[in-house]
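I have placed the structure first, in the form of structure tokens, so that the comments after it can refer back to it.
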Amino acid sequence: MPASNIAVAHATTGLVTAEVVSAERISPSFVRLGVAGDGLADWRHLGFDQWFRLAIPVAGDATRFDRLSERFDMRGYLRYLTLPRATRPAIRNYTVRAFDAAAGRLDIDFVVHGEGGSDGAAAGASAAGIAGPWAASLPLGERVALIDQGCGYRPVAGTDRVVLAGDESALPAVLGILRDLPRDAVGHAIVEVPDAADRQPAGAPDGVDVRWIVRDPGSNPGAEALAALTGLPAWEGPVSAFVAGEQQLATGGRRHLVNDRGVDRSAVAFCGYWRAK
């Protein structure tokens, strides 16, 4: 995993199994899957950029979820490695796009590209060529498992100003933060996407300026978002910052905020979800 300081506020749900109950190609670069199950009745929803480990079946009904640990810490990871390779699920990191407690349903957005859906980046993590094609197959009825990991974004006490930036892989996180911010928040949010049709309703407070950037086909992913971040007008006072997506965007954005803007390191949540070749 590229450098980050993204995980702080951990939730306590543990391992949850669910079934894919809806699957839709919502835009040229995104598929949305809805998962539901009795286990989600106990999901401790935190909002913002809450993320989780998603266990994806690789061997149909033979894939084993019952032997996964409740926590995906070092001990849980070592236990995962002892599972037979032929039947152990693939595990990738994703962000909660939406959660409906009454319906016991959680929505996940996946980045996919092309008709077959090959990953350039997952919506929340590098998918290594597995999660995107699986989601693009619209796998209704398949079972998955989720291990909650909590939130990375943290508001800075005493300020209502935010600075957020991400590429398409961070879109669910940025939009989740915007959705759950106090309605009197102010600041800037930048989201870079491959296609104009990938833009989604932001649900941002009126005082937060949301800038959508449609990436030039010749540009490196994240480069235009980073340029927009460095070009923001000066602001006064502390901010709560979040920068995620392609590694150069995440690390370059953090470096700019800390070194050039004087933002306290502890106020910048950042994560390189994936690395461009």
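The values are calculated or read from the model by the stated rules, or taken from the named source; none is laboratory data. None of the values given here were measured: they were computed from a predicted structure. For neighbour counting, all protein chains shown are included, and Cβ atoms are generated from backbone atoms with ideal geometry for every residue, glycine included.
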Of the residues Asp109, Asp148, Asp119, which is surrounded by 15 or more Cβ atoms within 10 Å (Cβ to Cβ) and at pLDDT 95 or above? Asp109
Only one of Pro201, Pro238, Pro217, Pro233 that is surrounded by 15 or more Cβ atoms within 10 Å (Cβ to Cβ) and in the same structural domain as Val191 (by TED's automatic domain parsing): Pro238
Considering residues of segment 28-69 that are surrounded by fewer than 21 Cβ atoms within 10 Å (Cβ to Cβ) and either under 24 Å from Ala197 (Cα atoms) or of a type in the set (Ser, Thr, Tyr) (or both) only, the residue nearest to the chain's Cα centre (by Cα): Arg32
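Quick grid of which residues meet (1) touching a helix residue (DSSP H, G or I) at 6+ places or on another chain (Cβ under 7 Å); (2) more than 23 Å from Phe99 (Cα to Cα):
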position: Ala185; (1), (2): no, no
position: Ala189; (1), (2): yes, no
position: Glu224; (1), (2): no, yes
position: Thr230; (1), (2): yes, yes
Of all the residues that make up segment 41-64, how many are at pLDDT 85 or above and over 15 Å from Gly150 (Cα atoms)? 5
Taking the criterion of being aliphatic (A, V, I, L, M), without any contact (Cβ under 8 Å) to a residue 24 or more places away in the chain and under 24 Å from Ile26 (Cα atoms), would at least one residue in segment 165-177 satisfy it? no
Output the strands (runs of 3 or more DSSP E) that fall wholly within segment 163-277 and possess 2 or more residues being of a type in the set (Phe, Trp, Tyr), or say none. 268-274
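Results for (1) in the same structural domain as Leu46 (by TED's automatic domain parsing); (2) at pLDDT 95 or above; (3) surrounded by 23 or more Cβ atoms within 10 Å (Cβ to Cβ), shown as yes or no for each residue.
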site	(1), (2), (3)
Pro155	no, no, no
Leu171	no, yes, yes
Leu181	no, yes, yes
Val186	no, yes, no
Ile190	no, yes, yes
